[in-house]
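Please treat every number below as a calculation from the coordinates, not as lab data. Note that the structure is a prediction, hence the values are computed from the model and not measured. FYI the Cβ positions are ideal-geometry reconstructions off the backbone, even for glycines, and counts take in every protein chain you see.
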Amino acid sequence: MAMATAITDEEIGRLQRNMSEADFGRMEFLEIVHVEKPRIIYTSGTKHFFFLAGLAVSTRECSHSDFGPEHVLLPWLSTADE
């Protein structure tokens with residue numbers, strides 16, 4: 001079972017430079033969340049995402065209420081332009 005954990009500043013920098021992202025619709029994203037069970041879901045504007053094997057799995061179609069108490073929603077603080 002894969003589980004997201006807090007990442008270091010070094011990893012954040014690497015991800016910002018080389019980020020690969022897969023964008024999904026609401027239902028597909030929630031299905032992936034159900035299967036992978038990430039604890040941390042990052043938010044940036046209307047985007048929700050988590051990291052899976054170096055890939056940012058994301059959607060712009062979810063709201064905070066789509067996630068349960070088992071998820072920690074954290075704002076993504078980035079100095080890079082999106």
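A few comments on the model shown:
- With a simple spin-label model that places each label point 7 Å from the Cα along the Cα-to-Cβ direction, the separation between THR46 and GLU31 comes to 2.3 nm.
- Coupling constants for region 24-37 follow from the phi torsions by the Karplus curve (6.51 cos²θ - 1.76 cosθ + 1.60, θ = phi - 60°), and in residue order they are 10, x, 4, 5, 5, 4, 5, 5, 5, 4, 4, 6, 7, 6 Hz; glycine and proline get x.
- Exposure proxy for LEU52, LEU30: other Cβ atoms within 10 Å of each Cβ, ordered fewest to most, give LEU52, LEU30.
- Segment SER65-ALA22, length gained on full extension (0.36 nm per residue, minus Cα span): 13.3 nm
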